[in-house]
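The values are calculated or read from the model by the stated rules, or taken from the named source; none is laboratory data. None of these values were measured; they are calculated from a predicted model. Heads up, the Cβs are rebuilt from the backbone with ideal geometry, glycines too, and the neighbour counts pull from every protein chain shown. Note: accessible area is taken over every heavy atom of the protein model, side chains too, but ligands, DNA and RNA are not part of it. Shrake-Rupley method; radii C 1.70, N 1.55, O 1.52, S 1.80 Å.
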Amino acid sequence: MPTPQDRRHFLAQLTTAGLSLAASSQVFSANTAAPSFVPASAWKLLGEQFRHQGPPIGGWMQNFTSTVEPIDADQWRIWMSISVPKGDEKNIGYVTGRIGGPWKQTLAVCTPGEPDPQAELAIGGLPEGWHPVQVVTLRLQDGRTRLYFWAHGAGVVRYIAADSQDGRQFRVVNALRPCIYHPADRAVDGSVAVEAGLPRFAKRKAAPVEGEPLAPASLLSNDATNVYQLPDGSFEMYSVGLMQVGKDDPRYAPQDNVPGLIRVIDRYTSADGLTWGNRQRVITPDAEDPTDLQFYYLSVTHTPQGRIGLLGHYRLDAQTIDIEPCFSTDGIHWQRPQRQPWIKRDAPNEGLGSYLLHAPHAMVERNNQWHLFYTGGNFSHNHRDSHGKPDRAILLATTPHLWQKPD
């Protein structure tokens, strides 16, 4: 687990990044043209680093939305989650090691009571039958560590947080008042879904437990969520919103797992990272995009030049997901100068990144190289096709520069 030295190193990085971000906002405005990204050929693809092994048997690993932390002696801590296809079992944890291996996998011990004091990673206060997935890890400016994750259980699909003083034993802090809700959550009523522009859920009947409020329309999301603490101590969150279209709309895709729903990117803000508001729709497909394009996620890396986004470029006809770069100085106005994949997918049957590429929480600069650990999947999004036995793995790409040098 993080040592005091690890924590000081990480907070120093965060502070430096914060000062750089503050300085950049004085130079770049929301209308500033995006710097030219390096082409896809500038990325060195180092291939698979590791995949899930051991229990739960048959599980798939992903570091989708999850934090990558550089630690001592050229080691890394890659936060990740495990899920069993067509099963309910899910969990979060991390893998620690060096590029090229070996790597050690640690999964959280989750309990409804107090966190297990003997576990390397423990989450207490997680109700019985709730399973965490897609973890974001933040080292907060006040010294605490916070985990954000989607919790799945009987009637529950919601995004919650757990806090820790030591980075090892966590306690869930908002199980009944989550950050955001999926439309399938028990606290979502049909009238709220209609208010949110999702009439397909109009017949839902909310069934909250005692002491649990109904979900407001402003907090309905689909999935794929990233949270960041900003230099002033406040928080921003990017999550996937949904727009419903009819069968007569050219964007309606019967081959999708949720036909008629268009995935877009929304931004929220919060003073404490728990109560969220100021929802804004910040990225949607436009007239320059093909009709089958949707946006599956947005992860953000803060740099001196501004925010670099890794945008989930989901083509419904091909059932592929790629990583597209985008740029913003304020987190609200985003520019997409390339509109093409930034990382080349593996050729069929030559690697697990042949169909789906999922971005982590952020890229990391270390030893004069930008590191992008990402999840590759060799199966189509609707699971109807695959290149070999379906599986996922954590892959790595590096580049010395994110921007093209001016002539």
With +1 on the Cβ of every Lys and Arg and -1 on the Cβ of every Asp and Glu, and nothing else charged, how large is the dipole of the range 105-173 about its Cα centre, in debye rounded to the nearest 20? 240 debye
Write down the Kirkwood hydrodynamic radius of the chain, to one decimal in angstroms, obtained as one divided by the mean of 1/r over all alpha carbon pairs. 21.6 Å
Could you tell me what a quarter of the Cα convex hull surface of the range 39-95 works out to, in nm² with one decimal place? 5.6 nm²
Percent of all Cα-Cα pairs per 5 Å bin for the range 63-174, counting from 0 up to the last occupied bin, reads 2, 12, 22, 26, 20, 11, 5, 2, 0
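How large a share of the accessible area of the chain, in percent, is made up of carbon and sulfur atoms when the probe is 1.4 Å and the other protein chains stay in place?
Values: 8520 of 16960 Å².
Solvent-exposed carbon and sulfur of the chain make up 50 percent of the total.
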Got a sec? What order do Cys179, Cys110 fall in by accessible area at 1.4 Å, biggest, i.e. largest, first? Cys110, Cys179
Where the centre of each part is set by its Cα atoms, how far does the range 72-138 sit from the range 310-378, in angstrom? 23 Å
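Around Gln53, with a cut-off of 12 angstrom between Cβ atoms, what is the net charge of the other residues, counting Lys and Arg +1 and Asp and Glu -1? Before the final figure, lay out the partial values.
Details: positive: Arg51, Lys104; negative: Asp391.
Combined, the nearby Lys, Arg, Asp and Glu give +1.
Calculate for the chain the 222 nm mean residue ellipticity that helices alone would give, adding -39,500 (n - 2.57) per DSSP H run of length 4 or more and normalising by residue count, nearest 500 deg cm²/dmol.
Values: 2 runs with 30 residues, N = 407.
So the calculated ellipticity at 222 nm is -2500 deg cm²/dmol.
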Over the Cα atoms, compute the radius of gyration (one decimal) and Dmax (the largest Cα-Cα distance, rounded to a whole number) for the range 257-342, in Å. 13.7, 40
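Under a Cβ-only charge scheme (Lys and Arg +1, Asp and Glu -1), can you give me the dipole magnitude of the chain about the Cα centre, in debye to the nearest 20? Intermediate results must be reported in sequence, preceding the final value.
Details: 38 positive and 41 negative charges, 42 e Å.
With Lys and Arg at +1 and Asp and Glu at -1, about 200 debye.
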Using the Cα centre of the chain as origin and beta-carbon charges of +1 (Lys, Arg) and -1 (Asp, Glu), tell me which of Leu198, Phe379, Leu107 is placed farthest towards the positive end of the dipole. Phe379
Within the range 247-282, DSSP-loop trypsin sites (Lys or Arg not before Pro) with at most 16 other C-beta atoms within 10 Å are Lys247
Taking 8 Å as the Cα distance limit and 6 or more residues as the minimum spacing, I'd like the relative contact order of the chain as a percentage. 16 percent
Accessible-area order for Lys90, Lys344, largest to smallest, probe 1.4 angstrom, reads Lys344, Lys90
Under a Gaussian network model of the chain whose springs join Cα atoms within less than 10 Å, the largest fluctuation of Tyr148, Tyr252, Tyr238 belongs to Tyr252
Computed over the range 341-383, the Cα gyration tensor eigenvalues, each multiplied by 5 and square-rooted, give semi-axes in Å (largest first) of 23, 11, 7
With the charge dipole of the chain built from beta-carbon charges (+1 for Lys and Arg, -1 for Asp and Glu) about the Cα centre, the Cα from Phe170, Asn222, Gln62 projecting farthest to the positive end belongs to Gln62
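Report, to one decimal in Å, the Kirkwood hydrodynamic radius for the range 249-297 based on all distinct Cα pairs.
Numbers: mean 1/r = 0.0788 Å⁻¹.
Taking every pair of different Cα atoms in the range 249-297, averaging 1/r and inverting gives 12.7 Å.
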Can you work out the accessible area per residue across the range 42-142, with the rest of the protein chains kept in place, probe 1.4 Å, in square angstrom? 42 Å²
Which whole-number percent of Cα pairs in the range 279-407 have a distance greater than 19 Å? 51 percent
Chymotrypsin sites (Phe, Trp or Tyr not before Pro) restricted to DSSP loop in the range 357-407 with at most 10 other C-beta within 10 Å: none
Using only Cα atoms, locate the centre of the range 211-256 and the centre of the range 33-69, then give the distance between them in Å, rounded to an integer. 23 Å
